[in-house]
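What follows is a set of notes on a single structure, which appears directly below.
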Amino acid sequence: MCYDYKKKAVKAVSYTLFGDLVNEGNIDKRPSFYVEKKLKSQYRISSSDYTNSGYDRGHMAPDAAFDWSQESLDAVYTLANIIPQAPQVNRRSWAKLEDYVRDKAEALGEVSVVNVVKYGERSRRMGKNRMAISRGYYKILYNQDEKYEECFFYSNKLGVSTDGDKVEMHRVSCATVSN
């Protein structure tokens, strides 16, 4: 995880998703979000920063990719792994992509994933702790052995319709991925 202290938010997360673990365990009970104690207090955010903000607590390393053990699932509930995500994107569009990634990991045996959050020069802020709100986020997928690479971009705009949204509508050239 790469955390931006000035923005009080994650900039990038990388992990490898193993196809044989995708449907292993499937722990249903979600842990509670927790403050990341490894960060100095002035750089932390809290769950209350999201209260009445209009944004979801969006995982960059997703719950369903780590529900094969309680320890791994607990690890993704640190607030350092969470960004403000537009609800319709988080619950629909981004969720479809996360399903797609798990399917790809099963098909290829494993997929390496890098999620990169795109912030503006002067990002809007929210909450008491003044956390930055991103413009959007990239998901980079690759498997070097299979010579596979695929990239996607999702805007983080409130109120955008996701009717008819499909994963392929968000596919971008991996050469365009930047922050």
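Brief remarks on what is shown
- Within segment 8-17, the residues that satisfy the criterion of being on the phi < 0 side of the Ramachandran plot and open to solvent by 30 Å² or more (accessible area, probe 1.4 Å) are LYS11, SER14, THR16.
- Qualifying residues in segment 144-153 (those that are modelled with pLDDT of 95 or more and either acidic (Asp, Glu) or under 19 Å from the mean Cα position of the chain (by Cα) (or both)) - the one nearest to PRO87 (Cα to Cα): PHE153
- Test result for SER161, out of contact with any Lys or Arg (no Cβ under 9 Å at 6 or more places or on another chain), of a type outside the set (D, E, K, R) and open to solvent by 40 Å² or more (accessible area, probe 1.4 Å): yes
- Here ARG122 meets the list (1) over 26 Å from THR16 (Cα atoms); (2) buried (at least 17 other Cβ atoms within 10 Å of the Cβ) almost entirely, failing just condition (2).
- Of all the criteria given as (1) assigned to a strand (DSSP E or B); (2) closer than 16 Å to GLY58 by Cα, the one not satisfied by LEU158 is (1).
- The set of residues in segment 1-29 being in a loop (DSSP other than H, G, I, E, B), more than 14 Å from PRO84 (Cα to Cα) and not hydrophobic (A, V, I, L, M, F, W, C) consists of TYR5, LYS6, ASN23, GLU24, GLY25, ASN26, ASP28, LYS29.
Yes or no, residue by residue, for (1) touching a residue at least 60 places away in the same chain (Cβ under 8 Å); (2) of a type in the set (Ser, Thr, Tyr); (3) open to solvent by 30 Å² or more (accessible area, probe 1.4 Å):
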| position | (1), (2), (3) |
| --- | --- |
| MET1 | yes, no, yes |
| GLY19 | yes, no, no |
| SER32 | no, yes, yes |
| LYS37 | no, no, yes |
| LYS40 | no, no, yes |
| ILE45 | yes, no, no |
| SER48 | yes, yes, yes |
| ARG57 | no, no, yes |
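- Those residues of segment 21-30 which are open to solvent by 60 Å² or more (accessible area, probe 1.4 Å) and closer than 30 Å to GLN144 by Cβ, in sequence order: ASN23, GLU24, ASN26
The values are calculated or read from the model by the stated rules, or taken from the named source; none is laboratory data. Just so it is clear, the model here is predicted, and its values are computed rather than measured. No Cβ is skipped: glycine too gets one built from the backbone with ideal geometry, and neighbour counts run over all protein chains shown. The accessibility values were calculated without ligands, DNA or RNA, using every heavy atom of the protein model including side chains. Shrake-Rupley method; radii C 1.70, N 1.55, O 1.52, S 1.80 Å.
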